[in-house]
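Each remark here refers to the structure printed beneath this line.
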Amino acid sequence: MSKLKSIILPDSITQTGRHEIVSDKYKSVDTSKIIETLTQRGFSLHSAKQSNIRKQTNSGFQKHMVWMKYDVMKTKEGIPSIVIMNSHNRSSSLKLHVGYIRWACANQLVGGEDISSESIRHSIGWEEKTNIFLDSYLAKVEHMNRQHDRMRNQYMSDAMIRDLAYQAGKIRYNSIDILDSNELALVTRSEDIGNDLYTVFNRIQESLLKGSFKRRIPTLDDDGLLTYSPWQKASKITSTDEILRINKAIRDLALKYS
């Protein structure tokens with residue numbers, strides 16, 4: 001695994017032991033083995049992160065996310081990837097998702113519901129299922145590229161952009177939260193100038209995940225009446241589950257405009 005030497009992986013990803021809560025019958029699938037399998041098929045490590053923990057006993061075993069990029073298909077626009085989700089404390093099965101990394105903003109995109117992912121139980125059959133997923137990977141990437149082309153060819157009026165941003169905001173927050181939808185679609189770099197759906201989608205996706213906007217938080221006062229806080233900066237999404245959920249949902253939403 002020489003390609004991985006330049007990146008320090010979190011303990012939960014290099015974990016090979018068994019958590020104390022699982023029995024001897026539990027067949028843990030080590031994430032390091034998945035990385036090795038993907039490396040042999042032409043992928044290389046792009047980034048990795050692990051979830052925060054509440055119980056110290058979960059340290060080194062918690063849920064984590066690894067982005068592997070497919071160097072063979074690298075372009076000036078970006079590079080296809082695979083997102084690995086796994087844990088070593090029985091909190092998550094092994095999950096593989098088709099992704100895409102856009103160079104311009106380092107956006108890490110994930111395929112929507114029509115681009116199938118793979119959920120693999122921790123068992124002795126993980127390697128076969130992983131290879132089956134990899135065998136169909138190119139077809140999934142081609143499907144994703146066709147979606148990107150369709151989005152690039154869709155012009156978005158100002159009204160359509162506002163509507164997309166408003167609907168995207170509701171994916172992260174409930175309907176009574178207040179946020180400025182216009183902020184979600186603001187242009188912050190020259191590469192993101194444009195009113196095509198693909199460019200607008202990337203701006204909104206980045207803003208929503210990184211918290212690049214302000215919001216007002218609803219609360220109930222002593223009389224039970226709904227009030228709102230002053231405007232405050234939104235937080236960055238750090239939960240691995242939320243990163244995937246919001247990523248998939250925003251993509252599915254944007255495709256409805258194409």
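The values are calculated or read from the model by the stated rules, or taken from the named source; none is laboratory data. Just so it is clear, the model here is predicted, and its values are computed rather than measured. Cβ: placed from backbone, ideal geometry, glycine included. Neighbour counts: every protein chain shown. Surface areas here come from the heavy atoms of the whole protein model, side chains and all, with no ligands, DNA or RNA. Shrake-Rupley method; radii C 1.70, N 1.55, O 1.52, S 1.80 Å.
Could you run through the stretch 188-246 and say how many residues are among the hydrophobic types (A, V, I, L, M, F, W, C), assigned to a helix (DSSP H, G or I) and in contact with a helix residue (DSSP H, G or I) (Cβ under 7 Å, 6 or more places away or on another chain)?
Of all residues in the stretch 188-246, those among the hydrophobic types (A, V, I, L, M, F, W, C) come to 193, 197, 200-201, 204, 208-209, 213, 217, 220, 225-226, 231, 234, 237, 243-244, 246.
Pick out the ones that are also assigned to a helix (DSSP H, G or I) and you get 197, 200-201, 204, 208-209, 243-244, 246.
If we keep only those that are in contact with a helix residue (DSSP H, G or I) (Cβ under 7 Å, 6 or more places away or on another chain) too, we end up with 197, 200-201, 204, 208-209, 243, 246.
Total meeting the criteria: 8.
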> Which of the following residues is under 21 Å from the mean Cα position of the chain (by Cα), more than 20 Å from ASN247 (Cβ to Cβ), at pLDDT 65 or above and not in a loop (DSSP other than H, G, I, E, B): SER44, SER81, SER12?
Replying inline: SER44
> Taking into account only those residues within the stretch 80-123 that are in contact with a strand residue (DSSP E or B) (Cβ under 6 Å, 6 or more places away or on another chain) and under 22 Å from VAL187 (Cα atoms), which is most open to solvent (accessible area, probe 1.4 Å)?
Replying inline: TRP103
> charged (D, E, K, R), open to solvent by 60 Å² or more (accessible area, probe 1.4 Å) and in a helix (DSSP H, G or I): does that describe GLU142?
Replying inline: yes
> Any chance the stretch 169-184 includes a residue that's basic (Lys, Arg) and outside any helix (DSSP H, G or I)?
Replying inline: no
>> For the stretch 171-193: of the residues being open to solvent by 60 Å² or more (accessible area, probe 1.4 Å) and modelled with pLDDT of 90 or more, which is farthest from LYS76 (Cα to Cα)?
In response: LEU186
> Which residues, taken from the stretch 93-130, are over 15 Å from the mean Cα position of the chain (by Cα), over 18 Å from SER44 (Cβ atoms) and not in a strand (DSSP E or B)?
Replying inline: SER93, ALA104, ASP114, ARG121, HIS122, SER123, ILE124, GLY125, TRP126, GLU127, GLU128, LYS129
>> I'm trying to understand the selection: among the residues of the stretch 200-242, which are of a type in the set (Val, Ile, Thr) and in contact with an Asp or Glu (Cβ under 6 Å, 6 or more places away or on another chain)?
In response: THR227
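Between ASP241, ASP196, ASP163, which is open to solvent by 20 Å² or more (accessible area, probe 1.4 Å) and without any contact (Cβ under 8 Å) to a residue 24 or more places away in the chain? Before the answer, list the steps.
Numbers: ASP241 fails: without any contact (Cβ under 8 Å) to a residue 24 or more places away in the chain; ASP196 fails: without any contact (Cβ under 8 Å) to a residue 24 or more places away in the chain.
When all the criteria are applied, what remains is ASP163.
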